[in-house]
1. Taking only protein heavy atoms into account and a 1.4 Å probe, give the accessible area per residue of segment 222-282 in Å².
2. What spacing in nm lies between the two simple spin-label points modelled at residue 332 and residue 223, each 7 Å away from Cα in the Cβ direction?
3. Which of rounded, prolate, oblate describes segment 152-202, given a ≥ b ≥ c as roots of the alpha-carbon gyration tensor eigenvalues and a/c under 1.5 marking rounded, otherwise prolate only if a/b is larger than b/c?
4. How much length would be gained if the chain were fully extended between residue 27 and residue 46, taking 0.36 nm per residue of separation minus their Cα-Cα distance, in nm to one decimal?
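The values are calculated or read from the model by the stated rules, or taken from the named source; none is laboratory data. Since the model is a prediction, treat every value here as computed from it, not as a measurement. Because the Cβ atoms are built from the backbone with ideal geometry, glycine has one as well, and the counts that use them run over all protein chains shown. In case anyone asks, the SASA skips ligands and DNA or RNA and just uses the protein heavy atoms, side chains included. Shrake-Rupley method; radii C 1.70, N 1.55, O 1.52, S 1.80 Å.
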Amino acid sequence: MWLYPKILADIGITDTFNSGATTARRLAESWDNQWLDLLQNNTNNNLYGALTNLGVFFAVGTLLFFMLQWLKDLIYSEYSRPISALIWPFTVVVLLSNTGNGSILSTLTLGVRNVINTVNQQVITTANANQVYQQAINMSVAEEVAGSLLRPCQALTGEQQSQCLTKASERIDNLWREYRNLYGNQVWIDRLENQVNQIRFSTVIVSETEFNALLGNTVQTTIKNFLISLQYAFQNLIEATMLLIAALGPLAVGGSLLPVAGKPIFAWLTGFLSAGIAKISFNIIAVLTAAVIVNGPGQDPNANPDLMWFIIFLGILAPLLSLIVAGAGGFAVFNAISNTANSVSNRI
């Protein structure tokens, strides 16, 4: 369900590849379990059960306002509007009925979340999108990873430097091996390997400027790792936002008996769908941008692109763009739901 980066450290390259996938998978499973624990398992004695009781309290409190408006419409509207308005009390009662294994509202909420995740999973699995994304991420950070292994050798001389380069070379060779096991023989891997070899087998001392030109500098490494972590945090934030909105569903349903045009349940549903749109939008943006990199400069042996823009895009711009798309989509969904509800009420 997620696109997740594999951030390589200075040690344990093979282990880091495996642990990155394992950590992301366990986090996704943990979120899934949290959804089930909150919305389905023993909802009489958990947070959702307490919020459902509060929603019932809201419903009882707003029922007085509903009845006052209903009696007013009964007097002045010749029965048509009062009869259609009776749909809301029945709807609220049905949605907030709690059997202990989840109310109808919690079941519907999980159903909508599953639909969103299904669409999101289709986006990720289409045409190996997740592998393309991982490849673009690794293209962006591979220079810095190799540089971090070779850089300590610069300060050494003689036999110590030779031993340092030998040990670093073994670990870098493991890196190329892991890349080729994952992605096959790629042009960008060969290009990076040649850049590293220019430093490893140089007969003269490579200056700091030349080193940075070949394999980047430590500042770039820190910034890239931060931005990759930032986009990973955004994916977790979206998941937490959806869960929070789901938990507040009973309050929105309980307040829907207020005699106002914009029902709270519509706003709640819009917010939930908007968070889902943001989640899907981010993955679409990330996958498409990654495909541009992998199929463009990644296949050009003469290219030596600075992919810092890609990491900045993923960490900052893509989340902002997905939120803007979600806001526009949520506004359209809210209008559609409100207009549909009004149309149905007028026909009854």
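1. 33
2. Taking the two extended label points, one gets 3.5 nm.
3. It is prolate, given that a/c is not under 1.5 and a/b is the larger ratio.
4. 4.7 nm
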